[in-house]
Amino acid sequence: MRHMLSIAESSAEDVRQVLDRSYELRQAMKAGQPIPQVMAGKTAILIFEKPSLRTKVSFEQAVFELGGRTITLSAGEVGLGKREATPDVARVLGGMVHLIIARVFEHSKLVQLAEYSGLPVVNALSDYSHPCQALADIMTMMDEFGRDLAGRTLVYVGDGNNVARSLVAICGKLGIRMVLSSPPGFELDAGFLESTRLRSPELNVTRITDPRQAVKEADAIYTDTWVSMGQEAEKEQRRQAFTGYQINDELLDEAPARAIVLHCLPAYRNVEITSEVLDGPHSRVFPQAHNRLHVQRGLLSLMMGK
Ligand code: CP
Ligand code: NVA
């Protein structure tokens, strides 16, 4: 696997390999065994055009555990497409470091970094997708329900955004049924569903507008913020539009008792999810956050191991 730009562009085989390696290395780390130092003597550059806690810390830690080092740059320092054209930044980095991990607004910048640097590139979130998040989400479902998730149901309640897109793509590759429940006007674009169907003919996605109906057969209920990074100006309008889409105890009453609750975090407590649910017995959000480290260690081990 050369890059991780989106789940949609990765093969089902790639996704399974990342998860297998992630389990293997998580177990080794927990047992205190050494893991292959595939990044010894290598540098990863981390570029963040947006804030981050989980992604930044977990990538820095994963690179360290694989024997490498990181240089982290904020948006202002690099000025992708502002201080300097993105292809020029890419060409410079291509002669200095070994891996680019970037969080950007426009997904096209990741594509340019990959095209012009000659280096492997990992998407640390773009407006289009958040593939490493989806890998950690699936690991969390596997921790709960076993490694074969075929036939399980993931219900996404909320905004049809980058996180939803990556979840649809990964569910299509692993045979997980997906239900999308979004208020009118905030659904995942039909064009994306169509193109995912072409890549994964077995994709099983249903749209159910009413969240109370949507969660009826859920094994996992997932939500994300209603106001993604970059949409802050729409905050009030969005909060109004999403009324009725909160994950709360009433909604959980409509779901099977086995259902777990996932959220990529950061959460706006008592907005898209109540504190009772976030901190309650169905929540797996903190193991889910920790799995970011485990899947990214697995991913980098595969990408940098050749
Ligand atoms: N879930 C996630 O990507 O968190 P950060 O924005 O804190 O990295
Ligand atoms: N959809 C959110 C995810 C944050 C991890 C955003 O893009 O801000």
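The values are calculated or read from the model by the stated rules, or taken from the named source; none is laboratory data. Bear in mind the structure is a predicted one, so any value in this text is a computation, not a measurement. FYI the Cβ positions are ideal-geometry reconstructions off the backbone, even for glycines, and counts take in every protein chain you see. What goes into the accessible areas is simple: the full protein's heavy atoms, side chains included, and nothing from ligands, DNA or RNA. Shrake-Rupley method; radii C 1.70, N 1.55, O 1.52, S 1.80 Å.
Listing for the model above:
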quantity	calculated
Any hit, region 239-250, residues being open to solvent by 10 Å² or more (accessible area, probe 1.4 Å), more than 16 Å from ligand 1 (Cβ to nearest atom) and acidic (D, E)	yes
Residues of region 202-236 classified as away from ligand 2 (no atom under 16 Å from the Cβ) and in a strand (DSSP E or B), total	5
Unique residue being surrounded by fewer than 14 Cβ atoms within 10 Å (Cβ to Cβ), free of Cβ contacts under 8 Å to residues at least 24 places away in the same chain and over 16 Å from the mean Cα position of the chain (by Cα) when the list is R269, R258	R269
Those residues of region 30-72 which are of a type in the set (A, V, I, L, M, F, W, C) and in a loop (DSSP other than H, G, I, E, B), in sequence order	A31, I35, V38, M39, A40, L53, L66
Cross-chain or 6+ apart pairs with Cβ under 6 Å, region 29-42 first and surrounded by fewer than 13 Cβ atoms within 10 Å (Cβ to Cβ), then at pLDDT 95 or above	A40/G67
